[in-house]
1. Select from segment 229-247 the residues that are open to solvent by 100 Å² or more (accessible area, probe 1.4 Å) and either at pLDDT 75 or above or basic (Lys, Arg) (or both) and list them in ascending order.
2. If a residue must be touching a residue at least 24 places away in the same chain (Cβ under 8 Å), open to solvent by 80 Å² or more (accessible area, probe 1.4 Å) and part of a loop (DSSP other than H, G, I, E, B), how many such residues does segment 12-63 contain?
3. Taking the stated definitions as given, is residue 89 of a type in the set (A, V, I, L, M), in contact with a Pro (Cβ under 9 Å, 6 or more places away or on another chain) and surrounded by fewer than 14 Cβ atoms within 10 Å (Cβ to Cβ)?
4. Mind listing whichever residues of segment 92-113 are open to solvent by 80 Å² or more (accessible area, probe 1.4 Å) and of a type outside the set (S, T, N, Q)?
5. Test residue 132 against the stated conditions and say whether it is under 35 Å from the mean Cα position of the chain (by Cα), of a type in the set (A, V, I, L, M, F, W, C), surrounded by fewer than 17 Cβ atoms within 10 Å (Cβ to Cβ) and not assigned by the TED database to the domain that holds residue 40.
6. So, residue 131, is that one out of contact with any Asp or Glu (no Cβ under 8 Å at 6 or more places or on another chain) and closer than 27 Å to residue 172 by Cβ or not?
7. Scan (1) open to solvent by 90 Å² or more (accessible area, probe 1.4 Å); (2) assigned by the TED database to the domain that holds residue 84; (3) of a type outside the set (Lys, Arg) for the single condition residue 199 breaks and write down its number.
Amino acid sequence: MEPIIIVLIILVVLVFIALIKTIQVIPQASAAIVERFGRYTRTLNAGLNIVVPFIDSIRNRIDLREQVVPFPPQPVITQDNLVVNIDTVIYYQVTDARAATYEVASYIQAIEQLTVTTLRNIIGGMDLERTLTSREEINAALRGVLDEATGKWGIRVNRVELKAIEPPTSIQDSMEKQMRADRDKRAAILQAEGVRQSQILTAEGEKQSSILRAEGEAKAAALRAEGEAQAIRVVFESIHAGDPDQKLLSYQYLQMLPKIAEGDANKLWIVPSEIGDALKGLGGALGNFTPPTGGGSIPKPSSPPRETPPID
């Protein structure tokens with residue numbers, strides 16, 4: 001009985017192992033390669049799959065999700081013979097599990113080496129300045145080459161990014177000095193523009209102030225002239241309204257002569273020719289003058305007075 005029990009136990013274990021090998025559960029976004037006697041048979045997709053135990057075997061399980069692989073810095077020589085270190089990151093996805101298994105031995109290592117060689121070819125045709133400012137161009141060119149080369153491996157390169165581009169230390173120092181000089185230059189230009197704008201605004205303000213001052217003075221002069229004209233008009237009308245005679249006018253004329261001679265700047269005073277007529281009128285006024293206390297008039301001289309010649 002004991003040998004029979006042992007055989008039964010062995011058969012149960014073998015059946016259990018066969019069931020385990022027969023039923024294969026593949027997770028989502030994964031695939032498995034099945035080989036029968038070492039030859040590719042089929043690809044198992046996600047879910048429950050049945051295989052022949054002890055005949056079919058699982059060769060490889062491949063993750064079909066997008067993968068991110070960073071590569072270490074690679075020294076690359078530019079067109080102007082400068083060595084720069086470039087870090088790259090590759091985003092790829094396996095689209096054909098069979099090709100990724102049988103078309104290339106290690107697709108990650110193959111992608112890395114292909115990235116390095118392609119990057120050296122691209123950077124070798126650019127100078128340092130263009131390399132530092134053309135990341136999008138380098139990414140697009142690198143992605144195009146990788147996607148074309150890895151297509152037969154069942155891999156699609158979705159994105160290529162340059163993490164860092166590090167030029168030599170001496171070049172970095174020179175670039176920092178150049179950037180500092182450019183910033184100082186821009187600061188000096190901005191300061192000069194500010195001073196220029198300030199001077200322009202000051203000149204514009206002075207110009208407007210002068211214009212307004214001149215307009216104010218012109219209006220004030222016009223108002224003064226208008227006031228003086230009005231005053232002269234009123235005086236003229238008052239004089240005509242009072243009907244003055246020649247004697248009063250002569251007297252006023254003689255009163256104005258001393259005022260004409262006033263002032264420190266008057267070095268020479270010319271007596272007008274009309275002063276003789278004024279004196280005649282004033283003499284006639286004094287000859288007809290009658291004192292208030294006496295009853296008679298002043299006797300006229302026996303001989304007519306000599307006419308005073310006009311003074312030029």
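The values are calculated or read from the model by the stated rules, or taken from the named source; none is laboratory data. Owing to the predicted nature of the structure, the values given are computational and were not obtained by experimental measurement. Note that we place each Cβ from the backbone using ideal geometry, even for glycine, and neighbour counts take in every protein chain shown. Ligands, DNA and RNA are excluded from the accessible area calculation, which covers all protein heavy atoms including side chains. Shrake-Rupley method; radii C 1.70, N 1.55, O 1.52, S 1.80 Å.
1. Selection gives 232, 233, 237.
2. Within segment 12-63, residues that are touching a residue at least 24 places away in the same chain (Cβ under 8 Å), open to solvent by 80 Å² or more (accessible area, probe 1.4 Å) and part of a loop (DSSP other than H, G, I, E, B) number 1.
3. no
4. Hits for segment 92-113 are 98, 102, 103, 105.
5. So residue 132 passes the test.
6. Taking the combined requirement at face value, the residue satisfies it.
7. (2)
Here is a yes/no grid of residues against (1) hydroxyl-bearing (Ser, Thr, Tyr); (2) within 30 Å of the chain's Cα centre (by Cα); (3) in a helix (DSSP H, G or I); (4) not assigned by the TED database to the domain that holds residue 130:
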{"site": "151", "(1), (2), (3), (4)": "no, no, yes, no"}
{"site": "156", "(1), (2), (3), (4)": "no, no, no, no"}
{"site": "161", "(1), (2), (3), (4)": "no, no, no, no"}
{"site": "164", "(1), (2), (3), (4)": "no, yes, no, no"}
{"site": "190", "(1), (2), (3), (4)": "no, yes, yes, yes"}
